[in-house]
Amino acid sequence: MVLSRILEVADLKVEFRTYRGVVKALNGVSFNVDKGEVFGLAGETGSGKSVTGLAIQRLLPGNAVIVEGRIVFDGRDLLSLKEDEMNKIRGKEITAVFQDPHTYLNPVFTMREQFRDILLTNDREIASIKDKREIEKAVHDRIIQMLTEVQMPAPERVIKMYPHELSGGMKQRMMLAMAFSLRPKLIIADEPTTALDVTIQAQVLELMKSLQKKYGTSVILITHDLGVIAETCSRIGVMYAGRIVETGTVDSVYSEPLHPYTQGLMRALPRADKDLKVESIGGSVPDLVDLPTGCPFHPRCSRAMEICRKINPRTLNIDGRIVECHLYDGETSRGRVA
Amino acid sequence: MGAVSTMRAEKTETGDDVLVRVEGLRKWFPILGGVFQRTVGYIYAVEDATFNIKNAETLALVGESGSGKTTVGLMLAKLEHPTAGKIFYRNRDVGKLSSSETRWYRKRVQMVFQDPYASLNPRMLIKDTIIEVMKVHRVGGPNYYDRAVELMTRVGLSEEHLYRYPHELSGGQRQRAVLARALCVNPEFIILDEPTASLDVSVQAQVLDLLKSLQDEFRYTYLLITHNLAVVRYISDRTVVMYRGIWVESSPTRELFGRAEHPYTQALLSSVPIPEPRSNVEKQLLKGEPPNPTERVKACPFADRCPYVMPVCNEKTPPVTQINDSHQVRCWLTVKK
Ligand SMILES: Nc1ncnc2c1ncn2[C@@H]1O[C@H](COP(=O)(O)OP(=O)(O)OP(=O)(O)O)[C@@H](O)[C@H]1O
Ligand SMILES: Nc1ncnc2c1ncn2[C@@H]1O[C@H](COP(=O)(O)OP(=O)(O)OP(=O)(O)O)[C@@H](O)[C@H]1O
Ligand code: SF4
Ligand SMILES: [Mg+2]
Ligand SMILES: [Mg+2]
């Protein structure tokens with residue numbers, strides 16, 4: 001394994017048992033995240049972004065089954081760890097920031113109480129202090145220091161507040177402060193700014209980038225906003241129907257998208273910075289209970305060929321770009337693979 | 001095209017082709033408190049909304065969350081009663097309509113809400129929802145069904161979709177069904193509150209193009225409420241920017257994106273993430289937090305976050321500066337120039 005790699009996800013398959021049948025949410029997801037990089041996970045609703053994030057933290061709901069795959073985090077195979085071993089990683093080495101802080105923050109406790117809890121349960125340094133008063137002092141100092149780092153206005157006042165008393169932007173700052181306070185190696189941020197106004201979003205993203213750089217933290221930024229990824233990430237993975245159909249540097253993918261789905265997404269995007277004719281992608285997303293055979297995108301793809309309807313495209317590496325599409329596979333598109 | 005527009009111009013009695021005129025519209029929601037549930041304060045949702053909407057144009061209303069956009073829409077749809085100010089529709093004071101005129105108004109003016117689920121009854125077939133609306137408004141009879149089919153085609157769906165429940169439609173289809181429901185009473189003016197916010201980008205484009213083509217064909221007038229500036233640029237003719245319930249800039253959309261005058265508009269435009277690598281050369285980051293709606297604005301609503309704030313900004317409301325015939329701004333900076 002390459003030393004600079006913090007996370008490796010390989011051929012991850014996740015299914016949900018539901019009354020409608022088996023929902024094939026992830027159908028072989030593979031990607032890597034390097035140390036200190038911000039990796040963007042893009043894709044439309046239902047494509048499997050959140051499930052991927054949850055699977056890495058082993059936080060999938062009870063009706064989910066990991067059918068296959070490997071998740072290697074910092075040299076450890078997460079899927080083979082016992083729950084108590086995973087507990088030592090989750091919330092410490094891997095932390096999370098969610099779109100809706102309410103799923104994470106408890107409405108009946110003040111911010112100070114919640115932050116204190118996190119530090120007491122997870123921070124080794126604080127846990128090693130013996131004297132009770134010293135502990136409280138260390139906790140307090142740490143909270144104030146983190147809140148100052150996230151440029152929280154009036155931190156001493158904010159820690160006495162309850163979650164509902166904080167504005168959306170302040171809540172996300174709080175989440176970032178909590179997520180970074182334990183110096184994790186990886187942060188999974190699932191739509192952290194989607195609910196915010198653009199002016200506040202810009203502040204929060206800027207803040208996240210600077211903290212990430214300062215601490216060398218790796219971040220998986222999950223968002224459906226291709227603009228947010230362009231401005232925050234070094235690499236992007238584009239998900240469709242539970243697969244990452246294209247991966248590459250932001251520079252290369254945005255300037256020359258290879259996969260027809262990525263191309264379609266880029267063309268469908270109205271722009272605030274220029275006048276552009278947009279074109280939607282016809283059809284609708286596939287039913288994950290009854291996936292089409294072959295390439296999952298073929299029913300909507302304007303360039304689909306005979307083989308696309310029959311055989312799932314292989315994962316190709318084209319000068320460092322990862323693409324799953326028959327168009328770029330010399331062998332299959334010429335019909336040599338049956 | 002030419003013939004149609006002359007016909008409409010004659011219909012609008014005003015001669016200047018203005019369909020809706022909003023003057024100093026205000027909405028304060030009382031905060032009740034104490035044992036006697038007396039008014040202890042107000043949420044100053046809308047302080048001053050002033051604009052015109054011309055026939056068959058799209059006016060975009062933008063601004064951050066809580067700036068009062070939806071409340072303005074609700075007042076225009078006569079679903080909220082203004083605290084002050086006036087709405088004129090075809091030069092008629094909407095506040096003074098008789099009950100029969102109000103019925104007429106409610107047909108002419110339709111509002112489409114962000115959440116398509118909220119506007120469609122989950123237990124009713126699309127067919128029954130649409131026919132019920134027609135019956136209530138007494139339009140489209142006696143061949144309700146034929147008209148429902150015609151509407152479905154108009155919004156790019158088919159007869160088959162009439163026999164579906166809302167949850168059996170995709171997001172884009174559901175938004176089209178909501179549109180069909182709004183169109184079934186033959187409106188002229190449609191208030192679209194975040195019409196594509198719940199849609200994925202691949203589908204959003206379809207709905208935006210549909211709105212455009214319906215407007216070309218049937219000359220609907222739209223008020224587009226949104227915080228998505230890319231959508232604003234794509235489909236609107238003119239834009240009004242609101243901050244803390246007060247309009248701060250009003251301009252043809254094209255011009256606004258080229259030369260925004262108000263510091264808030266500038267910050268807004270520069271905050272939009274651009275889907276292009278290395279596009280984030282210089283962002284104009286705003287400091288501070290969104291404002292508290294229970295505090296009344298006394299001077300410039302943007303003063304506490306404005307990078308160019310001057311003493312006068314905290315003292316007096318900036319007057320309206322006319323940049324040109326169609327572009328107005330309220331900011332002390334432009335007054336000084
Ligand atoms: N608990 C569950 N039971 C059944 N299906 C589920 C469950 N959680 C997620 N799914 C399904 O798995 C698929 C992937 O969901 P996921 O939440 O990862 O999508 P996403 O890409 O994050 O979308 P969004 O942009 O809407 O957040 C979806 O089809 C979803 O309906
Ligand atoms: N019925 C109501 N009673 C009390 N306050 C209200 C009511 N409706 C809206 N408000 C408040 O009025 C202000 C303006 O709300 P409005 O919904 O018009 O904003 P908006 O610009 O549409 O925001 P968003 O972009 O979030 O939809 C907000 O502070 C809101 O909380
Ligand atoms: S494999 Fe075929 S169907 Fe799939 S994206 Fe490529 S061309 Fe289109
Ligand atoms: Mg998600
Ligand atoms: Mg609103």
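Below, the figures for the structure above:
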item: Residue B:131 being at pLDDT 95 or above and surrounded by 19 or more Cβ atoms within 10 Å (Cβ to Cβ); result: no
item: When residues of the stretch A:7-32 are limited to those that are more than 13 Å from ligand 1 (Cβ to nearest atom) and buried (at least 22 other Cβ atoms within 10 Å of the Cβ), the one nearest to residue B:202 (Cα to Cα); result: A:9
item: The stretch A:169-184, residues that are within 13 Å of chain B (Cβ to nearest Cβ) and open to solvent by 10 Å² or more (accessible area, probe 1.4 Å); result: A:170, A:171, A:173
item: Residues that are within 21 Å of residue B:113 (Cα to Cα), open to solvent by 40 Å² or more (accessible area, probe 1.4 Å) and not in a loop (DSSP other than H, G, I, E, B), drawn from the stretch B:154-179; result: B:154, B:167, B:168, B:173
item: From the options A:135, A:229, A:144, A:187, residue that is open to solvent by 10 Å² or more (accessible area, probe 1.4 Å) and at pLDDT 95 or above; result: A:144
item: Matching residues, the stretch B:300-316, being surrounded by 16 or more Cβ atoms within 10 Å (Cβ to Cβ), touching a residue at least 12 places away in the same chain (Cβ under 8 Å) and of a type outside the set (D, E, K, R); result: B:300, B:301, B:302, B:306, B:313
item: Hits in the stretch B:30-51 - residues which are surrounded by fewer than 19 Cβ atoms within 10 Å (Cβ to Cβ) and either of a type in the set (Val, Ile, Thr) or at pLDDT 95 or above (or both); result: B:31, B:35, B:39, B:40, B:43, B:50
item: Scan of the stretch B:71-99 for residues that are open to solvent by less than 70 Å² (accessible area, probe 1.4 Å) and assigned to a helix (DSSP H, G or I), ordered by number; result: B:71, B:72, B:73, B:74, B:75, B:76, B:94, B:95
item: Hits in the stretch B:271-292 (condition: closer than 19 Å to residue B:67 by Cα and either touching a Cys at 6+ places or on another chain (Cβ under 9 Å) or open to solvent by less than 60 Å² (accessible area, probe 1.4 Å) (or both)); result: B:271, B:272, B:286, B:288, B:289, B:290, B:291
item: Residue ID - farthest from the other protein chains (Cβ to nearest Cβ), chosen from residues in the stretch B:220-243 that are in a loop (DSSP other than H, G, I, E, B) and at pLDDT 95 or above; result: B:220
item: Residue that is nearest to the other protein chains (Cβ to nearest Cβ), among those in the stretch A:292-304 that are assigned to a loop (DSSP other than H, G, I, E, B) and either within 16 Å of ligand 5 (Cβ to nearest atom) or open to solvent by 50 Å² or more (accessible area, probe 1.4 Å) (or both); result: A:302
item: Checklist (1) touching a His at 6+ places or on another chain (Cβ under 6 Å); (2) at the interface with chain A (Cβ under 8 Å from one of its Cβ atoms) applied to residue B:249, failing item; result: (2)
item: Residues of the stretch A:55-78 that turn out to be among the hydrophobic types (A, V, I, L, M, F, W, C) and open to solvent by 50 Å² or more (accessible area, probe 1.4 Å), as a count; result: 4
item: Verdict on residue A:285 being within 16 Å of ligand 1 (Cβ to nearest atom), hydrophobic (A, V, I, L, M, F, W, C), over 30 Å from residue A:174 (Cα atoms) and open to solvent by 50 Å² or more (accessible area, probe 1.4 Å); result: yes
item: Complete set of residues in the stretch A:1-47 that are at pLDDT 95 or above, in contact with a helix residue (DSSP H, G or I) (Cβ under 9 Å, 6 or more places away or on another chain) and closer than 23 Å to residue A:264 by Cβ; result: A:25, A:26, A:29, A:31, A:40, A:41, A:42
item: Where a residue in the stretch A:307-329 is more than 14 Å from chain B (Cβ to nearest Cβ) and in contact (Cβ under 8 Å) with a residue 60 or more places away in the chain and its partner, wherever it lies, is within 16 Å of ligand 2 (Cβ to nearest atom) and open to solvent by 30 Å² or more (accessible area, probe 1.4 Å), with Cβ under 6 Å and at least six apart; result: none
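The values are calculated or read from the model by the stated rules, or taken from the named source; none is laboratory data. Predicted, not measured: the structure shown is a model, and the values here were computed from it. FYI the Cβ positions are ideal-geometry reconstructions off the backbone, even for glycines, and counts take in every protein chain you see. Calculation scope for accessible area: heavy atoms of the full protein, side chains included, ligands and nucleic acids excluded. Shrake-Rupley method; radii C 1.70, N 1.55, O 1.52, S 1.80 Å.
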